[in-house]
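Engineer: Pasting a structure here, questions to come.
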Amino acid sequence: MNRRRLALAVLGVLFLAALVLIMSFQRRGQPETWAVQRGNIEGTIEVSGRVAPANPVSARSAVESRIQTVAVAVGDHVQAGDILVTLDPAPLEARLRQAESQLLAAELAVAALERAGEQASLEDRLAAEQRLREAEAAYQEAQRALADTFVLAPIDGVVLEIPVTSGVPVGAGTVVAQLADLRDLGVSVGFDEVDLGYIHPGDPVTVTVDAFPGEEIPGRVATLAAVAQQTAGVTSFPAFITLDAPESLALRPGMTATVHVSAVLRRDVLVIPERAVRTVGERAFVTVLTERGEEEREVRLGLRSGGMVEVASGLQEGEHVILRE
């Protein structure tokens with residue numbers, strides 16, 4: 001009885017082994033195929049840029065004078081109201097003295113006409129009073145100008161640039177310093193004209209910074225110029241990328257960054273896996289599984305991305321191609 005059970009067990013094991021072997025041969029005999037279908041070919045556009053402030057602020061001279069001292073250096077942290085630059089007060093003091101002298105003369109002229117009484121004509125009185133008003137306005141303006149010899153920081157931030165030095169003459173409105181808030185940084189880039197069709201304001205992007213390997217920062221195309229600029233013979237369209245960077249990431253203006261834009265390079269085209277393609281020189285072939293069996297067919301290929309390749313001609317949607325090992 002025990003021998004019979006043992007024999008049955010051995011036969012069972014042999015049967016299962018034979019079944020597995022048969023199924024394995026059957027699977028080997030059936031090649032893996034792919035149904036030709038329509039899809040998109042996606043790619044990544046990469047462009048280098050620099051970390052830059054999103055909203056740099058300029059500090060300007062309010063009056064015409066000469067730089068006396070520069071109180072800060074590039075990279076300094078300042079608070080709103082801190083002194084950035086002082087202007088030479090000497091020409092402004094001279095202007096104030098002149099305005100004061102003209103004001104005194106105008107006041108004396110009005111007083112003299114008042115003492116003259118009816119002997120002074122109405123026209124002379126009106127003219128003297130007008131000169132007095134103008135002298136008062138000029139005196140007040142000279143006082144304000146003298147108070148503007150201190151150029152103050154308009155915001156809390158970091159000094160990015162100081163385009164002036166001591167002794168340089170400046171006019172009213174001249175930029176004497178550039179400041180930025182380091183909590184509001186982005187990336188300044190220029191997209192090549194050939195990529196412009198794939199990039200639009202509002203598109204999401206990924207940014208990497210050389211200073212922080214492996215760190216991927218989500219961002220978005222904030223602005224994209226409508227007019228190109230030429231730099232060293234290269235045509236590009238300036239753009240600015242806003243960032244959603246963690247506070248722990250110590251980004252600084254000027255750092256080298258790379259913007260990665262995922263783009264659909266071809267829409268609704270025939271695609272097959274690259275595994276289906278066999279190349280001979282510059283020619284490409286696939287094996288098509290038909291009702292009559294396997295058929296070798298030459299195809300013309302387009303763009304490749306992510307293991308898929310565009311088929312420009314040679315196949316029709318729904319046909320099955322054999323995938324190579």
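The values are calculated or read from the model by the stated rules, or taken from the named source; none is laboratory data. Values in this document were obtained by computation on a predicted structure and should not be read as measured data. Note that we place each Cβ from the backbone using ideal geometry, even for glycine, and neighbour counts take in every protein chain shown.
Engineer: Does region 203-222 hold any residues that are assigned to a strand (DSSP E or B) and exposed (fewer than 12 other Cβ atoms within 10 Å of the Cβ), and which are they? So that I can check it myself, show each step before the final result.
Structural biologist: Kept after step one, since they are assigned to a strand (DSSP E or B), are these residues of region 203-222: 204-209, 216-222.
If the condition is that a residue be assigned to a strand (DSSP E or B) and exposed (fewer than 12 other Cβ atoms within 10 Å of the Cβ), then 204, 216 are the ones that fit.
Engineer: Now for a different question. Residue 146 - would you say it is modelled with pLDDT under 90, under 36 Å from the mean Cα position of the chain (by Cα) and of a type outside the set (S, T, N, Q)? Reasoning before the result, please.
Structural biologist: Working: modelled with pLDDT under 90: yes; under 36 Å from the mean Cα position of the chain (by Cα): no; of a type outside the set (S, T, N, Q): yes.
Here the answer is no, as residue 146 does not meet what is asked.
Engineer: Going through region 223-242 one residue at a time, which ones are over 15 Å from residue 47 (Cβ atoms) and surrounded by 11 or more Cβ atoms within 10 Å (Cβ to Cβ)?
Structural biologist: Correct list: 242 only.
Engineer: For region 296-314, give me each residue that is touching a strand residue (DSSP E or B) at 6+ places or on another chain (Cβ under 6 Å) and surrounded by 13 or more Cβ atoms within 10 Å (Cβ to Cβ).
Structural biologist: 297, 299, 301, 302, 303, 305, 308, 309, 310, 311, 312, 314
Engineer: Does residue 156 count as acidic (Asp, Glu) and free of Cβ contacts under 8 Å to residues at least 60 places away in the same chain?
Structural biologist: Considered against the rule, which asks whether it is acidic (Asp, Glu) and free of Cβ contacts under 8 Å to residues at least 60 places away in the same chain, residue 156 comes out as no.
Engineer: A further question on this structure: Scan region 224-237 residue by residue and report those that are of a type outside the set (A, V, I, L, M, F, W, C) and either modelled with pLDDT of 90 or more or part of a strand (DSSP E or B) (or both). Please lay out each step first, then the result.
Structural biologist: Going residue by residue through region 224-237, those that are of a type outside the set (A, V, I, L, M, F, W, C) are 229-231, 233, 235-236.
Once the filter is applied, which keeps residues that are of a type outside the set (A, V, I, L, M, F, W, C) and either modelled with pLDDT of 90 or more or part of a strand (DSSP E or B) (or both), region 224-237 yields 229, 230, 231, 235, 236.
Engineer: Still on this model: Is one or more of the residues making up region 173-185 loosely packed, with under 12 Cβ neighbours inside 10 Å and under 42 Å from the mean Cα position of the chain (by Cα)? Let's see the steps before the verdict.
Structural biologist: At the first step, the residues of region 173-185 found to be loosely packed, with under 12 Cβ neighbours inside 10 Å are 173.
Going one step further and asking which of them are under 42 Å from the mean Cα position of the chain (by Cα), we end up with 173.
Checked region 173-185: at least one residue is loosely packed, with under 12 Cβ neighbours inside 10 Å and under 42 Å from the mean Cα position of the chain (by Cα).
Engineer: Could you list, in sequence order, all residues of region 228-282 that are of a type in the set (D, E, K, R), in contact with a strand residue (DSSP E or B) (Cβ under 6 Å, 6 or more places away or on another chain) and in contact (Cβ under 8 Å) with a residue 40 or more places away in the chain? Please lay out each step first, then the result.
Structural biologist: Within region 228-282, the subset of a type in the set (D, E, K, R) is 244, 247, 252, 266-268, 274-275, 278, 282.
Those left that are additionally in contact with a strand residue (DSSP E or B) (Cβ under 6 Å, 6 or more places away or on another chain): 244, 266-268, 274, 278.
Answer for region 228-282, where residues must be of a type in the set (D, E, K, R), in contact with a strand residue (DSSP E or B) (Cβ under 6 Å, 6 or more places away or on another chain) and in contact (Cβ under 8 Å) with a residue 40 or more places away in the chain: 266, 267, 268, 278.
Engineer: If you take the residues of region 173-204 that are among the small types (Gly, Ala, Ser) and modelled with pLDDT of 90 or more, which of them is farthest from residue 241 (Cα to Cα)?
Structural biologist: Within region 173-204, the match that is farthest from residue 241 (Cα to Cα) is 173.
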